[in-house]
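Have a look at the structure below, then the notes.
We did not get these values from a lab; they are worked out from the coordinates using the rules stated. Just so it is clear, the model here is predicted, and its values are computed rather than measured. Backbone-built Cβ (ideal geometry, glycine too); neighbour counts: all protein chains shown.
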Amino acid sequence: MRKFIDVLTLLKQFNIYIHLGDRLWDIELAAIEIDNLYRAGLLTADDYAQIKLVLRHEHEMELAARS
């Protein structure tokens with residue numbers, strides 16, 4: 001996992017499709033869905049940590065672009 005699109009592709013494997021019309025909201029909802037998948041035992045701890053890093057980075061980049 002290196003980009004937000006990779007996270008969205010992973011979510012699609014679980015039939016989770018995200019498009020709220022605002023990229024920041026999409027990132028935040030993806031983080032919630034990833035948390036739910038991890039709690040359900042569907043992601044390894046390593047995958048979860050890597051995905052959360054990607055989402056945090058994308059979130060920070062989006063916030064910086066808006067300011």
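So which residues in the range 39-67 are more than 12 Å from the chain's Cα centre (by Cα) and in a helix (DSSP H, G or I), if there are any at all? Step through it out loud before you land on a result.
Step one: filter the range 39-67 for residues more than 12 Å from the chain's Cα centre (by Cα), giving 39-46, 60-67.
Once the filter is applied, which keeps residues that are more than 12 Å from the chain's Cα centre (by Cα) and in a helix (DSSP H, G or I), the range 39-67 yields 39, 45, 46, 60, 61, 62, 63, 64, 65, 66.
Please go through (1) of a type outside the set (S, T, N, Q); (2) in contact with a Phe, Trp or Tyr (Cβ under 7 Å, 6 or more places away or on another chain); (3) not in a helix (DSSP H, G or I) for residue 2 and return the number of the only condition it doesn't satisfy.
(2)
Report, ordered by the first and then the second residue, all pairs with beta carbons closer than 8 Å, sequence separation of six or more or different chains, a first member in the range 52-66 that is in contact (Cβ under 8 Å) with a residue 12 or more places away in the chain, and a second member that is outside any helix (DSSP H, G or I) and loosely packed, with under 14 Cβ neighbours inside 10 Å.
So the pair list comes out as 54/2; 54/3; 58/3.
From (1) of a type outside the set (Phe, Trp, Tyr); (2) assigned to a helix (DSSP H, G or I); (3) under 13 Å from the mean Cα position of the chain (by Cα), pick out the condition that doesn't hold for residue 19.
Result: residue 19 fails condition (2) only.
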